[in-house]
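Report on the structure given below.
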Amino acid sequence: MRITAVTCVKNEGPFLLEWIAFNRLIGVTDHLFYSNDCTDGTDRLLDVLQDRGLVQHLPNPAEGRNYQMEALKDARKHEIVTGADWVWVADVDEFLNIHVGDHTIPALIDACGDPQAISVTFQFFANCGINAFEDRPVIGQFTRSHNPDLWCGEAAIEVKTLVRRDFPLQYYGAHRPFFRDKLPPKERPAWTDGSGRPVPHRFLVAANPRRIRRFPAKGAREFATLNHYALRSLDSYLVKNDRGDVNRENRAFDDTYWRERNDPAWEDISIRRYLPALDAALAELKADRTIRELHDEAVRRHREKRDQLMTQARYAEMYAHLKGLPTYPPGEYELMQELGLVT
């Protein structure tokens, strides 16, 4: 089975090898990377990985600021996507944690009954009070998240989607595909959640603009969870703020974004099942001297960027502010204050 992961990156150098190695463990056979405006060596590391036959790397074709959607449009031209049995569109801070069989994507597909699309629900992992960036697997460091069934008072939580080759595709979205307009009901794709249940009808047909990327999470992760490490360490979050994101250049993540994701109410260490194999896979990649040196350079540049930012009053204040915030999502802490539960 040929499974292609498609992603966009900017200054993700320290995290590339872990994501690639992890994806290969769960059955991803091909990676298509789009990069733009990298200053930490991400692009050079990807070029070497391409030379080794491990990934395909292209410059992001976007002429405006909609980097991800332009890249997904371009991806449909390339054999690495058109020749794949399944396509997985995800970001480098997202890890597909599979709970069934041998914990691979083929096992997930089998458990879901081989539908034409599988939408797996996010679980947002908190910072866990980790301030310093460490060059070791993210999936082993961050173990706490919000209640899986409830995020910031919302029962509906966003998803990312595996798409089968014969999906009646109009276009790929970052979170889910969209099928062709006016498709007769009998020709609509078989589409499940991460428990093998049919996705809600209004999500399927994109009937509600507020629900095109999400549906109720309760019971949706029996076979798989999408672990999202959007915060990582506080050091890395500072660098992320300076970078912006792959969708919109110079977008700033304010403390709302941090507070929404820094809810440590729940512990989930299930993804650690992959760590022994991941450590071995990383060691194998780093046995290549050039790959190891470029990874180490990206790590060094990541730390240097953090040090540089901390000399600026704006970022030093941001660091202190985020470090001092209570670990409650927006609204919850204020409600507790109203009820006299905290001062």
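Every number in this text was worked out from the coordinates using simple rules, so none of it is lab data. Since the model is a prediction, treat every value here as computed from it, not as a measurement. A quick note on method: Cβ atoms are made from the backbone with ideal geometry, for glycine too, and the neighbour counts reach across all protein chains shown.
Okay, here's what the table says:
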| read-out | value |
| --- | --- |
| Total formal charge among the other residues, if their Cβ is under 13 angstrom from that of residue 181, Lys/Arg +1 and Asp/Glu -1 | +2 |
| Order of 191, 266 - criterion: other Cβ atoms within 10 Å of each residue's Cβ, fewest first | 266, 191 |
| Rounded to the nearest 20 debye, dipole of the chain from Cβ charges on Lys, Arg, Asp, Glu | 820 debye |
| Where only alpha carbons of the stretch 1-124 are counted, the Rg and the Dmax (Å) | 14.5, 44 |
| Residues 1, 318, sorted so that the one with the fewest Cβ neighbours within 10 Å comes first | 1, 318 |
| In the stretch 55-108, GluC sites (Glu not before Pro) in a DSSP loop with at most 14 other beta-carbon atoms within 10 Å | 63 |
| For the chain, calculated [θ]222 nm from helices alone, where every DSSP H run of n ≥ 4 adds -39500 (n - 2.57) | -9500 deg cm²/dmol |
| Estimated dipole of the stretch 94-253 in Debye, rounded to 20 [Cβ of Lys and Arg +1, of Asp and Glu -1, Cα centre] | 660 debye |
| Separation between Cα centres of the stretch 1-59 and the stretch 202-221, rounded to whole Å | 29 Å |
| Ratio Rg/Rh, restricted to the chain and using Cα atoms, in which Rh is the Kirkwood radius | 0.95 |
| Per DSSP, loop trypsin sites (Lys or Arg not before Pro) in the stretch 165-200 with at most 13 further Cβ within 10 Å | 180, 182 |
| Footprinting exposure proxy for 193, 37 (fewest neighbouring C-beta atoms within 10 Å first) | 37, 193 |
